[in-house]
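Sharing a structure, written as structure tokens. Questions coming.
What follows draws every value from the coordinates through simple rules; no lab data is involved. None of these values were measured; they are calculated from a predicted model. As a convention, Cβ positions derive from the backbone with ideal geometry for all residues, glycine included, and neighbour counts pool all protein chains shown.
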Amino acid sequence: MKILLADDDDQLQRALRITLAARGYDVIAARDGAEAIDLAANAHPDLILLDLGMPRVDGLDVIRAVRAWSKIPILVLSGRTDSAEKVDALDAGADDYVTKPFAMDELLARIRARARSTSGDEGVASFAIGALTVDLAAKTVRATDDTGRATSVRLTPTEWRLLELFLKNPGKLLTRQMLLSEVWGPFHANDAGYLRLYVAQLRRKLEPTPSEPRFFLTESGMGYRFEPGTTIAPVE
């Protein structure tokens with residue numbers, strides 16, 4: 001996997017290049033936004049790690065430029081902690097956002113999640129998530145208990161649309177506006193009450209302990225993230 005690392009912090013860039021290379025990633029580096037756009041277009045990376053505060057061309061403009069012609073996953077690394085700036089980056093086309101300083105294990109997990117979501121499983125219709133088997137084509141969910149007995153879990157059409165978005169974007173932060181627009185339409189982009197209700201229903205039906213969610217996580221002030229960990233797998 002080839003990663004474009006765009007960050008003007010020499011110390012951080014050096015540390016990330018060493019860490020990523022040690023784990024088998026091919027790393028190319030850019031130290032300003034213009035160089036990042038050029039390498040994104042000509043070096044064909046599989047993933048972009050992008051700092052927002054880049055010289056010459058700001059990180060948000062880099063995202064917009066790349067999104068004009070490519071769906072390359074973009075994971076933002078930034079010291080900007082304001083929720084509005086995070087939402088701006090995600091709405092511009094970033095796939096995820098990690099705030100500096102970050103734990104290296106978290107960053108590596110986010111990179112693996114992005115690799116899974118672009119690994120060619122778009123045509124897979126059935127997934128195993130923990131004790132659940134989800135068939136998107138047949139619109140069925142079966143839960144297996146400790147004795148091996150399977151029971152059906154009924155979801156409404158709206159719950160199915162929401163679940164499908166989560167399953168197709170593992171590990172990705174999905175903003176409230178994006179989820180509302182995709183499921184209910186663009187005229188409902190501010191109706192957060194709908195979203196809270198249906199996420200609560202998914203948790204009640206699919207989480208082992210709904211009050212302590214493992215899969216459908218809230219990102220305060222921004223949206224939700226589906227975190228399957230190692231429990232999700234295609235069903236042949």
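Suppose R0 equals 35 Å; then what is the FRET efficiency for Ala143 and Asp105 from their Cβ-Cβ distance, rounded to the nearest 0.05? Write out the running numbers ahead of the final one.
Details: r = 30 Å, r/R0 = 0.87.
So the FRET efficiency works out to roughly 0.70.
In Å and on Cα atoms, what radius of gyration and Dmax does segment 158-204 show?
Answer for segment 158-204, Rg first and Dmax second: 9.9, 27 Å.
Give me the Å³ per residue figure for the convex hull around the C-alpha atoms of the chain.
Numbers: hull volume 32.7 nm³, N = 236.
Here the figure is 139 Å³ per residue.
Summing -39500 (n - 2.57) over the DSSP H runs of n ≥ 4 in the chain and dividing by its residue number, what mean residue ellipticity at 222 nm do you reach, to the nearest 500 deg cm²/dmol?
-12000 deg cm²/dmol
On a 0 to 90° scale, report how tilted helix 10-22 is relative to the longest principal axis of the chain, with both axes built from alpha carbons and the result rounded to the nearest 10.
Taking the Cα atoms of the chain, the angle to 10-22 is about 50 degrees.
Would you please classify the overall shape of segment 126-234 from the alpha carbon gyration tensor, given that a ≥ b ≥ c denote the square roots of the eigenvalues, rounded means a/c under 1.5, and beyond that prolate means a/b larger than b/c while oblate covers the rest? Numbers along the way, then the final one.
Details: a/c = 1.88, a/b = 1.64, b/c = 1.15.
Cα axes put segment 126-234 in the prolate bin.
Quick one: which residues, 5+ away or cross-chain, put their amide H under 5 Å from the amide H of Tyr97? H built at 1.01 Å from N.
Val76, Leu173
If you look for lysine pairs in the chain that are eight or more places apart or on different chains, how many of them have Cα atoms under 16 Å apart? Could the numbers behind the result be given before it?
Numbers: Lys2/Lys71; Lys71/Lys168; Lys71/Lys172; Lys86/Lys100; Lys86/Lys172; Lys139/Lys168; Lys139/Lys205.
Taking the Cα cut-off of 16 Å, the pair count is 7.
Could I ask something else about it? Could you compute the longest span of the chain free of chymotrypsin sites (Phe, Trp or Tyr not before Pro) located in DSSP loops and having at most 16 other Cβ atoms within 10 Å, not counting the site residues?
103-236
Run the numbers for Ser83 and Ala131: contour at 0.36 nm per residue of separation, minus the present Cα-Cα distance, in nm.
Details: separation 48, 0.36 × 48 = 17.28 nm, distance 3.43 nm.
Contour length minus Cα-Cα distance gives 13.9 nm.
Also: Between Rg and the Kirkwood Rh of segment 2-117, both from Cα atoms, what is the Rg to Rh ratio? All intermediate terms of the calculation are to be shown ahead of the outcome.
On the way: Rg = 12.6 Å, Rh = 13.8 Å.
Using Cα coordinates only, the ratio equals 0.91.
Continuing with the same structure: Springs between alpha-carbon pairs under 10 angstrom, Gaussian network model over the chain: which of Pro55, Pro73, Pro101 fluctuates most?
With Cα springs under 10 Å in the chain, the top fluctuation among Pro55, Pro73, Pro101 is at Pro101.
At a Förster radius of 45 Å, what calculated FRET efficiency corresponds to the Cβ-Cβ distance of Lys168 and Asp61, to the nearest 0.05?
0.95
For labels at Asp9 and Asp32 in the simple 7 Å Cα→Cβ model, what's the distance in nm?
With each label point 7 Å from Cα toward Cβ, the separation is 2.1 nm.
For Thr209 and Arg17, what does the FRET efficiency come to when R0 = 25 Å and r is the distance between their Cβ atoms, rounded to the nearest 0.05? The partial results should precede the final answer.
Details: r = 40 Å, r/R0 = 1.61.
With a Förster radius of 25 Å, E is 0.05.
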